[in-house]
Amino acid sequence: MSLLQVKQVNLSFHSKKLFQGKDQPKVLKDISFEIQEGTCLGLIGTSGAGKSTLGKVILGIQRPQQGQVLFQGHDIYKADKQTRQKLRRDLQVVFQDSYSSVNPRMTAESIISEPLKNYEKLSVEEQRRTVIELLERVGLHEKDLKKYPHQFSGGQLQRINIARAIALKPRLIVLDESVSSLDMVTQSLILQLLSDLKDDYGLSYLFITHDIKAAFSISDQIGVLEKGELIELYDSNDEFFSSKHPVVKRLRESVLSEHPRFRTIRAWENRV
C-alpha cells in the first residue's frame, strides 16, 4: 500500500528583482513517486539538486505551485485542521545538523518528551519511563536524561533526535542528510540503528543524501534527483550500477574518485 504519493510536483522560487521575466526557473519539475508501507526510498543527488526542498514540500513546509502530496490518502495542503494534526503526528523528520535541531537550554529528557507532551496524555512517571525506554532504544542511558546538548557528541545528539522522531511511533520519517555530518564509524552505527528501528517499528523512510554508499545500506529503492528533476527510480543495486544515464554515471564516478577503498563498487558494474 502507498503510504506517500507525490504527484507532478512543481515549485519555483519567485524573484523580486526588477525586469525579471515571468518564467521563473523551476526548483522542482514534475516530481512523481510513491513510498510503500515499511520501505525506504533513498533520494540521491548532488548539492543544489533540490533534495532538501522536496523534503520540505513533503513535510508541508513549502507549498508547491502545482501537484499533490498525498500522505495516508490525504492531500497535506488541502486537509482540514484535525486531519493535518494527525498527519503531523505520523510524519516526522531528522535533519542534518543535530545541534541546530534542538534547543540548547533543554535537557535530553525535555527534547524527547516534547512530542509526547503535545500528543499524549501521560502522567509524569509514565512520560519519564517512556523517555528512558526511547533513550535506551537508541543506544543511550537513563543517566543521560539530565544532560544538555553541548554534553553530547554529534552522534549521540543525533540519536536523541531520532528518539524524539520515533516517540509517537510515526508512519514515515524524512531523514534529510541525517548522517552526512558524522564520521564514518558513527555514520555506520547510526545507519544500522535506523535499519533496526525500521524493522522493529515498521517505519517508512525518505532518506535524502548525496552519499551513494549510505543510501544503498538502508534503502529498498533509489531515486536520482538532478536540477530539480527525478531522473530515474531503481529497484535494485544492479539497475543502478548498470544504468547508462550520464547523471548516474557521474555519481558512480564521484564515489570511486573520492573513496578509493570502496572501489569494489566496480564489482557491481562487472556483474551486468
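The values are calculated or read from the model by the stated rules, or taken from the named source; none is laboratory data. Just so you know, these numbers come straight off a predicted model, no measurement behind them. Quick reminder, even Gly has a Cβ in these numbers, built from the backbone with ideal geometry, and neighbours come from all protein chains shown.
General observations
- Test: residue in the range 103-122 that is of a type in the set (Phe, Trp, Tyr) and touching a residue at least 40 places away in the same chain (Cβ under 8 Å): yes
- The residue that is nearest to ILE173 (Cα to Cα), among those in the range 78-98 that are outside any helix (DSSP H, G or I) and among the polar types (S, T, N, Q), is GLN92.
- Residues (of a type in the set (S, T, N, Q) and either surrounded by fewer than 22 Cβ atoms within 10 Å (Cβ to Cβ) or over 24 Å from TYR119 (Cα atoms) (or both)) located in the range 132-160: GLN151, SER153, GLN156
- Among the conditions (1) surrounded by fewer than 17 Cβ atoms within 10 Å (Cβ to Cβ); (2) of a type in the set (Ser, Thr, Tyr); (3) closer than 30 Å to GLN66 by Cβ, the only one that SER178 does not satisfy is (1).
- Exactly one residue out of SER47, SER52 is part of a helix (DSSP H, G or I), modelled with pLDDT under 95, assigned by TED's automatic domain parsing to the domain that holds SER195 and hydroxyl-bearing (Ser, Thr, Tyr), and it is SER52.
- Just one of the listed residues (LEU140, LEU157) is assigned by TED's automatic domain parsing to the domain that holds LEU197, under 21 Å from LEU197 (Cβ atoms) and part of a helix (DSSP H, G or I), and it is LEU157.
- Flag for LYS169 being among the basic types (Lys, Arg) and under 13 Å from the mean Cα position of the chain (by Cα): no
- Scan of the range 33-44 for residues that are charged (D, E, K, R) and assigned to a loop (DSSP other than H, G, I, E, B), ordered by number: GLU37
- Residue selected from the range 241-272 under the condition in contact with a Lys or Arg (Cβ under 8 Å, 6 or more places away or on another chain) and within 24 Å of SER195 (Cβ to Cβ), by the criterion modelled with the highest pLDDT: PHE241
- Residue satisfying all of: in the range 181-204; in contact with an Asp or Glu (Cβ under 9 Å, 6 or more places away or on another chain) and hydroxyl-bearing (Ser, Thr, Tyr); surrounded by the most Cβ atoms within 10 Å (Cβ to Cβ) among these: SER204
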